[in-house]
Amino acid sequence: MRIVITGGAGFLGTRLARKLLERGTLTDARGRERRIESIVLLDVAPATVGDDPRVTVVTGDLADPAVIARAVTSDTDTVFHL
């Protein structure tokens, strides 16, 4: 499962990312537990969550379509818009 968190550098975004990484799985729309393979943290400021290889940081303005295209790809399963 690939997750994108907008506002990923903020108070809520960093805590959500840490909890998801700690948990390791998330239930999908069909009710199945799926392993979290990657989390993308998108924000105007660089995010810091630690050295987990599952985390990718995308820095830029959410209003810029090029930034959205880097963060949200065809294999993105879930977006938390914070």
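Quick notes on this structure:
- Close pairs (9 angstrom Cβ cut-off, 6 or more residues apart or separate chains): surrounded by 12 or more Cβ atoms within 10 Å (Cβ to Cβ) in the range 12-28, part of a helix (DSSP H, G or I) anywhere: L26/L20
- All conditions but one from (1) of a type in the set (K, R); (2) surrounded by 12 or more Cβ atoms within 10 Å (Cβ to Cβ); (3) without any contact (Cβ under 8 Å) to a residue 24 or more places away in the chain apply to R2; the one that does not is (3).
- When the test is whether a residue is surrounded by 11 or more Cβ atoms within 10 Å (Cβ to Cβ) and free of Cβ contacts under 8 Å to residues at least 60 places away in the same chain, V72 does not pass it.
- Taken together, the residues in the range 29-47 that are β-branched (V, I, T), under 15 Å from R70 (Cβ atoms) and surrounded by 15 or more Cβ atoms within 10 Å (Cβ to Cβ) amount to 2.
Values quoted throughout were computed directly from the atomic coordinates according to the rules given, and no laboratory measurement underlies them. None of the values given here were measured: they were computed from a predicted structure. When we count neighbours, we look across all protein chains shown, and the Cβ atoms used for this are built from the backbone with ideal geometry, even at glycine.
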